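Worksheet: the structure to be examined is printed underneath.
The values are calculated or read from the model by the stated rules, or taken from the named source; none is laboratory data. Everything quoted here is computed from the prediction, not taken from an experiment. A quick note on method: Cβ atoms are made from the backbone with ideal geometry, for glycine too, and the neighbour counts reach across all protein chains shown. The protein model used for the area step is the full one, side chains on, heavy atoms only, and it has no ligands, DNA or RNA in it. Shrake-Rupley method; radii C 1.70, N 1.55, O 1.52, S 1.80 Å.
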Amino acid sequence: MKLSSKQVTLLKVFVFLACLVPLGDLGWGLYQDTLGANPIETVIRALGRWALKFLLITLAITPLRKITGFGWLMRLRRMLGLYAFFYALLHWCIYLGLDQSFDWIEIAKDVIKRPFITIGMLTFTILLPLAITSTNGMVQRMGFERWQGLHRAVYAAAMLAVLHFWWLVKLDVTWPLIYTAILSVLLGMRLYYRRSERLQTHAAGM
Amino acid sequence: MLIKHPHDCPASEITPQNLFRQRREFLKYSIGTGIGLALPWPAAQAANEPAEDPRIKIAGVKPGPFSIAEKPNKYEHITTYNNFYEFGTSKTDPAERAFRLKTSPWSITIEGLVKKPKTLSLDAIMKIAPLEERIYRLRCVEGWSMVVPWVGYSLSALLKQVEPLGSAKYVEFESTYQPDVMEGGAGFAGGLGGFGGFGGGGGLDWPYVEGLRLDEAMHPLTLLSVGLYGELLQKQNGAPVRLVVPWKYGFKSAKSIVKIRFVEKEPATAWNKANATEYGFYSNVNPEVDHPRWSQATERRLGELLKRKTLMFNGYGDQVASLYKGMDLRKFY
């Protein structure tokens, strides 16, 4: 299936708006007071989960394109990745503001002392430069090879994000397990493709 | 304290709670399956179980000692934000599922190292001492808190009935276990939890068991509760009778108690068995001893925007600090 550039633009607009639905949903829930007894917790967890979901969706683009052959999927990848960062940013801001009241000393202590927070911070620190260097200009300035090298850090970010989720859960690990499984499939497919590509190059060389 | 319930609409216009719940369940079901339009309403209604217990006012509740002056949380919040893992691990699971719990008939068996072991019916339990309203802080180990106007009396009044022996050093509390109605306990999540093997593995060991040292159990603050907001307890809050130990993290306050046992050795308690490094036997609220994975220095009081500082012994230090004199609370967390 090939899309014209006009269709791709339309698709991008649609995806852009669709990605805002979770945020709108949370905002509406806050406004209507339907987020339960602890709305801040509901919001911060939902934002964290959406950040993770968008990371996984972003990582699913390449394998999906390989399977389907739909080249236009790649045109959505940057936007989806930026949405992962956007939700992570909101998640991070609420932690700093509403959980820690912007008390920087307490925050520093929390980051050092608590592996779960350390991992969360580290994940965000990895995503930040990826978001900053996501423009076409940056790709050119850095050179594609270096840019790609940097952006491979997204694999580490996704693994850390899943770990961050594991450490939050008290007992019921159903969801962390599900996310781990999805991420394993997505990363496993990459390994598989890389190996089969290498085998092909070998075969071609012989 | 005067408890006011707003009545902005005549009682005749209020949807009975069970009907409301049935409608909600039906809506959820029909949206989920997409057959909402195909199925006539009465048929769907008949397929549903009769829902939960109504709100019943308790007569003759008098204000009791130890009530704090802070504003209680809303009834709707206290009854929809619960940890009752037998019904699932999400905070809203108990309010949605606990109505299936069978609470009648109910009795508590008190046994072990006592002179006069007894099995008391709920009726008998309700009459052992005058029922008091006690507005206590509740601090959850997860870092949130609320203020709850409980109804009950000091647990000591019940415990004295059986005349504990000198050899009794601890008291063990066992919650009801009804696997046929407790879908959270043995369900998918519990099974996966065990499979994951993380944090001690295997979910929690049912039935839920909690324990206190004898002097803690006999302390006048320790409440045997049968109600909140002047009404009988809702099932998600641990109906018909539960423990409330306000200076300890919430999980120490066992719900829906069926057995009390006097023992010599420290009982193996549910969360301690699941993960001993994270949940100690004492589990006193202590802002200086953090949970290994998060800080206990602050808490979010439900309904407030910013977190507040957690108080030593949840603000009950004047009453209970002497129980732990000479103990290293970092070691006995």
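What the table shows:
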| quantity | calculated |
| --- | --- |
| Subset tally (residues that are open to solvent by 20 Å² or more (accessible area, probe 1.4 Å) and basic (K, R)) for region B:131-179 | 3 |
| Tally of residues being open to solvent by 50 Å² or more (accessible area, probe 1.4 Å) and without any contact (Cβ under 8 Å) to a residue 60 or more places away in the chain across region A:8-28 | 9 |
| Among the residues listed as B:N314, B:N275, the single one being in contact with a Phe, Trp or Tyr (Cβ under 6 Å, 6 or more places away or on another chain) and surrounded by 15 or more Cβ atoms within 10 Å (Cβ to Cβ) | B:N314 |
| Looking only at region B:91-117, and only at residues there that are hydroxyl-bearing (S, T, Y) and open to solvent by 50 Å² or more (accessible area, probe 1.4 Å), the one that is nearest to B:N237 (Cα to Cα) | B:T92 |
| Answer from A:L191, A:L160 - the residue that is over 30 Å from B:D205 (Cα atoms), away from every other protein chain (no Cβ under 14 Å) and in contact with a Ser or Thr (Cβ under 7 Å, 6 or more places away or on another chain) | A:L160 |
| Test: residue in region A:198-206 that is within 12 Å of chain B (Cβ to nearest Cβ), out of contact with any helix residue (DSSP H, G or I) (no Cβ under 9 Å at 6 or more places or on another chain) and either in a helix (DSSP H, G or I) or surrounded by 16 or more Cβ atoms within 10 Å (Cβ to Cβ) (or both) | no |
| Wholly enclosed helices (runs of 4 or more DSSP H) of region A:97-175 bearing at least 3 residues more than 26 Å from B:K309 (Cβ to Cβ) and over 15 Å from the mean Cα position of the chain (by Cα) | A:136-142, A:144-151 |
| Residue check for A:L98: at the interface with chain B (Cβ under 10 Å from one of its Cβ atoms), open to solvent by 30 Å² or more (accessible area, probe 1.4 Å) and of a type in the set (A, V, I, L, M) | yes |
